Amino acid sequence: MHSLRGLAALAAILAAACTLQEAPGRTDTTATAAGGRTGNRWNPDLWKPATVDSSVDDPYEASVYRGLALITQTRDSLPKYVGGNLNCTSCHLDEGRRGNAAPLSGVFARYPQYMSRSGAVVPIEDRINYCFTRSLAGSKLPPDSREMQDIVAYLAFISKGVPNGEHVRDEGMPKMLSLLGDSARGKELFVENCARCHGPNGAGMGPIPALWGPQSFSIGASMARQERAASFIRHNMPLDRPGTLSDRQAYDIAAYITSMPRPDSPGKESDWPNGGAPADVPYDTKGHKAFRPPKVLPRTTNPAAAIVAVPASVLTRK
Ligand code: HEC
Ligand code: HEC
């Protein structure tokens, strides 16, 4: 079942002619929306994200649909804002709806949110821009732009029915037991399990995204942390056979991938301004020594546009 879905997804990706309209399994928006209640109580087991209707009837649906197009074709749609060869859905799989792959469904109900990495309460636009600047190694999108608001409209749409502040099933990526990966073993496992799609030197092939090198996510991305990468890999890769690697193997491969060179992330030393960085963060922050830091490469995009400042007070603004 899983492997069929993976193969179908890959076939869809590899068929360059595939358009959003032709994507399989998309039904009417109203048909699958919401659920999620037992009496008056929120019940995440009964909730399903609404699916986007490809026949657009009004300006709101048009915005949601553009948002979907932007997160699946980010690099082609917004080349000035994307540094590498990834799209949002390279990691947020299945149009941001796959559990345990940092799903975007439900996310709108949990922002604004305090993030210890920023040391501030941030709106969803800033959270999206962290992924533009770090995960796509690109530039921040103006929060008041049409494109940012289309992405937010899509996230709100696939979060419909989730009460403010509530959580959905399989949110984020499962926390892994802490192990220490062996990158030499990881290299062998990479060749056996990953290179056929991501390329022998991890640079990606055609529409398949890079895992390291100048086209990959930056050192400031969550995916550049060994435990986060291990969880993503353990639960989602190989794309056509997810769940077939052991925790140990996922850690070994993660150790190998995160040891390889990748774009720098300007301003990263200011992360976790109050201390408390997780043990596997690969760069120095307050009170934290870099864990197995990889070599960093220069950014292909303007470094100043890679820094998302925390919301500043108008009273103290100069
Ligand atoms: C390299 C992989 C990668 C790419 C590409 C990526 N993200 Fe993310 N994103 C993550 C990870 C990992 C997290 C954090 C998940 C965790 O640790 O629970 C995250 C978190 C998020 C969150 C917050 C989720 C939550 O549960 O609070 C949002 C919103 C988000 N990303 C949006 C985007 C958008 C929009 C794009 C494209 C502009 C994008 N991401 C591209 C990996 C990626
Ligand atoms: C059958 C082809 C295939 C195989 C095999 C495969 N991947 Fe992927 N991988 C993909 C595709 C395609 C994506 C992007 C998903 C999308 O666009 O829907 C991806 C995304 C990723 C991502 C997030 C995006 C990025 O490039 O950083 C990581 C990390 C990843 N794969 C790691 C691995 C690892 C590690 C292995 C081996 C255990 C592996 N993959 C095996 C096809 C594959």
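A short reminder: the numbers here are calculations on the coordinates, not readings from a lab. Keep in mind that what you see is a predicted model, and the values were worked out from it rather than measured. Quick reminder, even Gly has a Cβ in these numbers, built from the backbone with ideal geometry, and neighbours come from all protein chains shown.
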Exactly which chymotrypsin sites (Phe, Trp or Tyr not before Pro) in segment 48-91 are in a DSSP loop and have at most 12 other Cβ atoms within 10 Å?
none
Protection proxy ranking of 195-204, 37-46 - average other beta-carbon atoms within 10 Å, highest first
195-204, 37-46
Could you tell me how many cubic angstrom of Cα convex hull volume the chain has per residue?
151 Å³
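What translational diffusion coefficient, in µm²/s and rounded to a whole number, does the Stokes-Einstein relation yield for segment 110-269 at 4 °C and a viscosity of 1.567 mPa s, taking the hydrodynamic radius as the Kirkwood radius over Cα pairs? All intermediate terms of the calculation are to be shown ahead of the outcome.
Details: Rh = 17.2 Å.
The calculation lands on 75 µm²/s.
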Per-residue HN-Hα couplings for segment 302-315 [Karplus 6.51, -1.76, 1.60; θ = phi - 60°; Hz; x = Gly/Pro]
4, x, 5, 6, 9, 9, 9, 6, 6, x, 10, 6, 5, 6
extent check for segment 70-167: Cα max minus min per principal axis, descending, whole Å, gives 35, 30, 25
Treating the beta-carbon of each Lys and Arg as +1 and of each Asp and Glu as -1, no other charges, what is the dipole magnitude of the chain about its Cα centre, to the nearest 20 debye?
800 debye
Choice from GLY206, GLY172, GLY99 with maximal GNM fluctuation in the chain (Cα, 10 Å cutoff):
GLY206
Highest to lowest packing among 278-285, 156-163, scored as the average C-beta count within 10 Å
156-163, 278-285
Would you please classify the overall shape of segment 121-203 from the alpha carbon gyration tensor, given that a ≥ b ≥ c denote the square roots of the eigenvalues, rounded means a/c under 1.5, and beyond that prolate means a/b larger than b/c while oblate covers the rest?
prolate
As computed over segment 183-306, the Cα convex hull volume per residue (Å³):
104 Å³
